[in-house]
Amino acid sequence: MSSYDVIVIGSGPGGYVCAIRCAQLGLKTACVEGRETLGGTCLNIGCIPSKALLHASHQLHEAEHNFAKMGLKGKSPSVDWKQMLAYKDDVIGQNTKGIEFLFKKNKIDWLKGWGSIPEKGKVKVGDEVHEAKHIIIASGSEPSSLPGIEIDQKVVVDSEGALSLPKVPKKMVVIGAGVIGLELGSVYSRLGSEVQVIEFLDHITPGMDAEVSRQFQRLLTKQGLGFTLGAAVQKVEATKTKAKVTYKLRKDDSEATVDADVVLVATGRKPYTDGLGLDALGVKMSDRGQIEVDGQYRTSVDGILAIGDAIKGPMLAHKAEDEGMAAAEVVAGKHGHVNYGVIPGVIYTHPEVSTVGETEETLKDAGRAYKVGKFSFMGNGRAKANFAGDGFVKILADKETDRILGAHIIGPMAGDLIHEVCVAMEFGASAEDLALTCHAHPTYSEAVREAALACGDGPIHS
Ligand code: NAI
């Protein structure tokens with residue numbers, strides 16, 4: 001039996017970051033992981049592989065649509081799907097090996113196998129029981145399908161199966177216009193699939209600023225994705241090679257069916273806590289299956305903490321990472337803290353979409369007076385040069401104080417641009433503070449400054 005200060009269960013972005021921070025703070029640390037490689041869903045079957053496929057398919061899109069305009073002529077590249085999957089797997093390998101290296105560097109023991117907590121202060125992995133002063137659960141989440149739909153990972157797939165299809169399907173139906181549905185739907189659409197997205201709500205991307213969501217749908221439609229909104233999927237009947245999806249339109253209860261070669265079910269994720277033994281320990285859970293924690297990530301059982309997708313809040317890798325660092329600081333006797341008001345969200349389609357803080361809708365609901373500063377990428381020189389003029393930056397600021405309350409960007413590099421607004425928000429900045437900051441020319445970031453200027457006396461280039 002080995003004895004540790006901390007055992008982290010799960011090596012996704014929440015768990016591995018937590019383990020590294022624990023080790024950096026001088027705690028003897030181990031991390032339990034049952035997969036063959038470290039990194040959890042994000043590195044193995046989520047964020048990283050999907051970004052590889054998004055990158056590759058975007059390059060194809062550029063070659064097909066923009067190369068000739070720039071005087072780059074010649075045969076357009078064709079898709080070697082096997083090679084694209086090999087590239088994706090190589091990217092996964094580089095990243096997961098990187099975590100293994102960081103574990104070694106920080107002297108973190110990888111306890112290989114699936115862990116459970118037989119009693120307070122103990123973690124069982126395989127036949128071995130280890131002791132830990134603190135146990136931090138970072139067991140993540142798993143796809144949550146719809147009742148009656150069986151995922152076979154061949155014809156009816158979830159996000160994992162969609163990353164390793166044997167071939168690019170002719171017709172793909174995506175159930176759910178959330179982040180996963182739109183990112184992976186974009187990949188296959190660019191690779192030549194006919195993609196139809198069926199969404200329960202009357203709009204795509206639930207929770208997103210409505211104006212951005214509408215513009216996003218317009219741009220995706222222009223790229224060839226089809227949308228059926230206000231439609232509740234009832235069932236999916238699959239054979240070995242085909243599937244039939246039945247949905248009901250909410251406006252009139254009429255039923256319709258659509259055939260597909262592959263159906264991607266992207267209707268959300270749920271916390272994954274199976275096999276940990278939390279019931280027997282009496283760990284309090286919410287009715288949505290999340291582990292309940294206090295402001296310091298402590299569960300109802302002494303010495304057991306939890307972070308990431310297994311607790312409440314947005315299921316985002318970076319939210320889990322921040323909680324991982326904060327929980328490490330808590331067990332080290334410091335003051336871990338996460339500012340939940342400034343957690344960015346990014347959709348890595350083309351154009352990218354990013355968001356932080358309040359939306360117009362949440363501000364209206366709260367009855368808060370606000371002003372909007374907007375700037376289109378059409379007025380940004382760099383964007384025009386790069387065929388990236390679609391989209392805009394929108395900054396929401398308090399009407400009285402000018403303090404930045406939120407920002408929403410659809411356009412080139414939106415996922416990176418959002419962070420200057422995040423930093424500004426962390427410092428309690430006003431829109432004027434951003435507007436007064438010199439931004440290099442020509443950069444996409446000038447559009448952020450112009451949106452900040454639009455909160456005051458007006459942008460220059462519109
Ligand atoms: P989601 O919650 O973003 O979207 C699911 C969609 O499915 C919703 O729009 C919902 O209305 C719809 N839906 C549910 N039942 C339906 C039905 N019967 N018929 C039609 N539509 C139905 O979930 P998603 O996309 O599966 O993602 C899961 C989680 O993973 C999210 O929390 C997301 O933030 C996270 N994620 C984040 C990424 C990123 O940050 N880029 C990438 C991938 C996932």
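Tabulated values for the structure
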{"quantity": "Low-density loop cleavage sites - trypsin sites (Lys or Arg not before Pro) in segment 241-280, where at most 12 other Cβ are within 10 Å (DSSP)", "calculated": "K251"}
{"quantity": "Pairwise centroid distance, computed over Cα atoms, of segment 1-28 with segment 60-84, Å", "calculated": "45 Å"}
{"quantity": "222 nm mean residue ellipticity, helices alone, for the chain (DSSP H n ≥ 4; -39,500 (n - 2.57); rounded to 500)", "calculated": "-9500 deg cm²/dmol"}
{"quantity": "Rounded to 5, percent antiparallel among DSSP beta bridges of segment 156-267", "calculated": "50 percent"}
{"quantity": "Part-to-part distance (alpha-carbon centres) for segment 209-240 and segment 254-297, which is given in Å", "calculated": "23 Å"}
{"quantity": "K384, K28, K51, reordered so the largest accessible area comes first (probe 1.4 Å)", "calculated": "K384, K28, K51"}
{"quantity": "Loop-located GluC sites (Glu not before Pro) in segment 27-72, at most 13 other Cβ atoms within 10 Å (DSSP)", "calculated": "E36"}
{"quantity": "Solvent-accessible area per residue, Å², over segment 345-454 with all protein chains present [probe radius 1.4 Å]", "calculated": "42 Å²"}
{"quantity": "Candidate residues E323, E194: accessible-area rank, largest first, probe 1.4 Å", "calculated": "E194, E323"}
{"quantity": "Heavy atoms of K112: accessible area, 1.4 Å probe, square angstrom to 10", "calculated": "140 Å²"}
{"quantity": "Surrounding net charge for P77, when Lys and Arg each add one and Asp and Glu each subtract one, Cβ distance under 14 Å", "calculated": "0"}
{"quantity": "M285 - accessible surface, heavy atoms, 1.4 Å probe, Å² rounded to 10", "calculated": "60 Å²"}
{"quantity": "Sites S76 and V342, calculated FRET efficiency, Cβ-Cβ separation with R0 56 Å, nearest 0.05", "calculated": "0.85"}
{"quantity": "Two-site label geometry, Q296 and L146: point separation in nm, points 7 Å out along Cα→Cβ", "calculated": "4.5 nm"}
{"quantity": "Euclidean distance between Cα centres, segment 135-205 to segment 371-404, Å", "calculated": "31 Å"}
{"quantity": "M325 accessible area, 1.4 Å probe, all protein chains in place, Å² to nearest 10", "calculated": "60 Å²"}
{"quantity": "Accessible area of the chain belonging to carbon and sulfur atoms, whole % at 1.4 Å probe", "calculated": "51 percent"}
{"quantity": "Vicinal HN-Hα couplings computed from phi for segment 453-462 (Karplus, 6.51 cos²θ - 1.76 cosθ + 1.60; Hz; Gly/Pro x)", "calculated": "4, 5, 7, x, 7, x, x, 7, 9, 8"}
{"quantity": "Solvent-accessible area per residue for segment 156-267 (1.4 angstrom probe, square angstrom)", "calculated": "42 Å²"}
{"quantity": "Segment 1-149, accessible area per residue, ligands and nucleic acids excluded (1.4 Å, Å²)", "calculated": "49 Å²"}
{"quantity": "Segment 345-454, relative contact order [Cα under 8 Å, separation at least 6], %", "calculated": "31 percent"}
{"quantity": "Fraction of beta bridges assigned by DSSP in the chain that are antiparallel (%, nearest 5)", "calculated": "60 percent"}
{"quantity": "Selection from H134, S159, A280 lying farthest towards where the dipole of segment 126-282 points positive, charges on Cβ", "calculated": "S159"}
{"quantity": "Förster radius 25 Å - calculated FRET efficiency between D89 and K270 (Cβ-Cβ, nearest 0.05)", "calculated": "0.40"}
{"quantity": "Length-normalised contact order for the chain - Cα pairs under 8 Å, 6+ apart - percent", "calculated": "15 percent"}
{"quantity": "Point-charge dipole on Cβ atoms (K/R +1, D/E -1) for the chain, about Cα centre, debye to 20", "calculated": "1000 debye"}
{"quantity": "5 angstrom amide H check on I136, placed H, neighbours 5+ away", "calculated": "I7, V8, I9, L305"}
{"quantity": "Estimated distance in nm for a label pair at H61 and E400, the labels positioned 7 Å out from Cα along Cα-to-Cβ", "calculated": "4.3 nm"}
{"quantity": "Candidate residues K235, K371, K120: accessible-area rank, largest first, probe 1.4 Å", "calculated": "K120, K235, K371"}
{"quantity": "Unit Cα scatterers, Debye sum, segment 156-267: log10 I(q)/I(0) for q = 0.10, 0.11, 0.14, 0.20 Å⁻¹", "calculated": "-0.26, -0.31, -0.51, -1.04"}
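The values are calculated or read from the model by the stated rules, or taken from the named source; none is laboratory data. All figures in this text were calculated on a predicted structure; none of them were measured in a lab. Glycine gets a Cβ as well: all are built from the backbone with ideal geometry, and neighbour counts include every protein chain shown. Note: areas computed on protein heavy atoms with side chains; ligands, DNA, RNA excluded. Shrake-Rupley method; radii C 1.70, N 1.55, O 1.52, S 1.80 Å.
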